[in-house]
Amino acid sequence: MSTLSGQDHKIQLAFCSLRSLILANYILPIIWALVFQGSMKLIPYNRFNIATEKQPEEVLKVIVDNTSEKRFFSFRPNKEFNGTIGDDRFYIQRNISYRNSFLPVIEGKVESAEMGSNIDIKMRLHTFVYCFMCIWFIGVGIGCIAVSLNIDKLSFHALIPFGMLIFGLALVNGGFWVEATKQKTRLIELLTKN
């Protein structure tokens with residue numbers, strides 16, 4: 001069993017104090033900002049309203065005209081979106097020519113308004129992807145905290161959980177927001193033009 005000399009003990013205590021300061025002043029506020037307050041969300045979600053002069057029946061007709069039935073395999077989609085449409089709601093996704101697990105699911109609810117219709121739109125991740133990413137972020141978050149609390153010296157291996165966290169945030173948000181921006185613009189164009 002090895003014991004620490006007086007000098008080594010002072011260095012270790014200083015390092016522990018420094019580690020606590022770094023965790024409290026830098027790492028936790030960054031995680032707080034990313035998860036709860038920043039524009040980059042841990043699990044992306046977007047909600048907005050579209051006001052249009054079209055009546056609810058006209059809005060749903062536009063959605064039906066641009067949406068094909070949802071199929072498991074569709075190699076040549078003939079319409080811009082695929083999904084299901086109800087009496088006053090729709091659940092659609094944009095047809096894309098590449099694979100994107102973070103493609104937003106668009107949920108819309110059409111309500112009658114004084115001067116036409118109001119469409120409440122929610123964009124979210126697919127439920128399976130949402131559950132998987134929650135589990136993944138929890139695991140990586142625990143890894144980041146464990147490394148932060150038990151680090152003795154800075155090494156490449158100690159940075160791996162933080163790299164995984166940054167990679168996960170970039171992957172989820174990049175895949176979601178690139179498509180969400182396109183889809184929002186296209187929905188506004190489809191539902192507001194006469």
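Nothing in this text is a laboratory measurement; each read-out follows from the coordinates by a stated rule. Everything numeric in this text was worked out from a predicted model, so none of it was measured. Cβ: placed from backbone, ideal geometry, glycine included. Neighbour counts: every protein chain shown.
The residue list HIS157, GLY168, PHE137 was ranked by how far each Cα lies along the charge dipole of region 72-194 toward its positive end, using unit charges on Cβ atoms, and HIS157 comes out on top. In this structure, the residue pairs whose Cα-Cα separation is over 18 Å, taken from LYS54/LYS79; LYS79/LYS109; LYS122/LYS184; LYS61/LYS182; LYS61/LYS193, are LYS54/LYS79; LYS79/LYS109; LYS61/LYS182. Principal semi-axes of the equivalent ellipsoid, √(5λ) from the alpha carbon gyration tensor of region 42-192, are 39, 17, 12 Å from largest down.
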